[in-house]
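Below you'll find the structure, written out as structure tokens, and then a few comments.
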Amino acid sequence: MKFFVVDDEKFALDRMVRELKTASPESEVVAFSSPYDLLDFAKDNSCDVAFLDVRMGSMTGVELAKKLKELMPKLNVIFVTGYDEYANEAMKMHASGYLMKPVTS
């Protein structure tokens, strides 16, 4: 299994990568601190699940999810955030999940 993770906060990104590797050691985890870097990478690379921070400075996770779904319609998206007010909007996108920070394995 292959995971994409994006979070503009380094500590949160590092923790998410660590927890995913603990929960699924055989999986490949590719991390990004910029949603634009992830989008560029996703043009030529696919994954099974994308873990997206909801609140990033330059683009929301919901906006990013819409763009990723155009590239990979069957992509599973799991939103990761410390703000529960985004849950409704995320679920309208038929997200595969919604995790509250701090994430644990």
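Might you tell me the accessible area per residue for the chain, computed with a 1.4 Å probe and given in Å²? The partial results should precede the final answer.
On the way: 5890 Å² over 105 residues.
On a per-residue basis, the chain sits at 56 Å².
Under 8 Å for C-alpha pairs, at least 6 residues apart: give me the relative contact order for the chain, rounded to a whole percent.
Details: 170 pairs, mean separation 28.9, N = 105.
That works out to 27 percent.
Out of 34, 94, 68, whose Cα points farthest toward the positive end of the dipole of the chain (charges: +1 Lys, Arg; -1 Asp, Glu; placed on Cβ)?
After comparing all options, I get 94.
For the pair residue 2 and residue 36, what calculated FRET efficiency results from E = 1/(1 + (r/R0)^6), where r is the Cβ-Cβ distance and R0 = 30 Å, to the nearest 0.05? Present the calculation step by step, with values, prior to reporting the outcome.
Numbers: r = 20 Å, r/R0 = 0.66.
E(calc), rounded to 0.05, equals 0.90.
Which ³J(HN,Hα) values, rounded to whole Hz and listed in residue order, are derived for the stretch 96-105 from phi using the Karplus coefficients 6.51, -1.76 and 1.60 in 6.51 cos²θ - 1.76 cosθ + 1.60 with θ = phi - 60°, glycine and proline given as x?
6, x, 8, 10, 8, 6, x, 7, 10, 5
Within the stretch 14-73, what whole-number % of the accessible surface is contributed by carbon and sulfur, with the 1.4 Å probe and all protein chains included in the calculation? Don't skip to the answer; put the middle values down first.
Values: 1430 of 3160 Å².
Its accessible area is 45 percent carbon and sulfur atoms.
Mind checking the dipole of the chain: about its Cα centre, +1 per Lys or Arg Cβ, -1 per Asp or Glu Cβ, Debye to the nearest 20? Write out the running numbers ahead of the final one.
Values: 13 positive and 17 negative charges, 37 e Å.
For the chain, the charge dipole is close to 180 debye.
Quick check: residue separation of residue 67 and residue 15 times 0.36 nm, minus the Cα distance between them. What number comes out in nm? Write out the running numbers ahead of the final one.
Numbers: separation 52, 0.36 × 52 = 18.72 nm, distance 2.48 nm.
In short, 16.2 nm is gained.
From the P(r) of the chain, could you give the percentage of C-alpha pairs in the tail past 22 Å? Working shown, then result.
Numbers: 1104 of 5460 pairs.
Result: 20 percent of Cα pairs exceed 22 Å.
The values are calculated or read from the model by the stated rules, or taken from the named source; none is laboratory data. Everything quoted here is computed from the prediction, not taken from an experiment. We place every Cβ from the backbone using ideal geometry, glycine too, and count neighbours over all the protein chains shown. Ligands, DNA and RNA are excluded from the accessible area calculation, which covers all protein heavy atoms including side chains. Shrake-Rupley method; radii C 1.70, N 1.55, O 1.52, S 1.80 Å.
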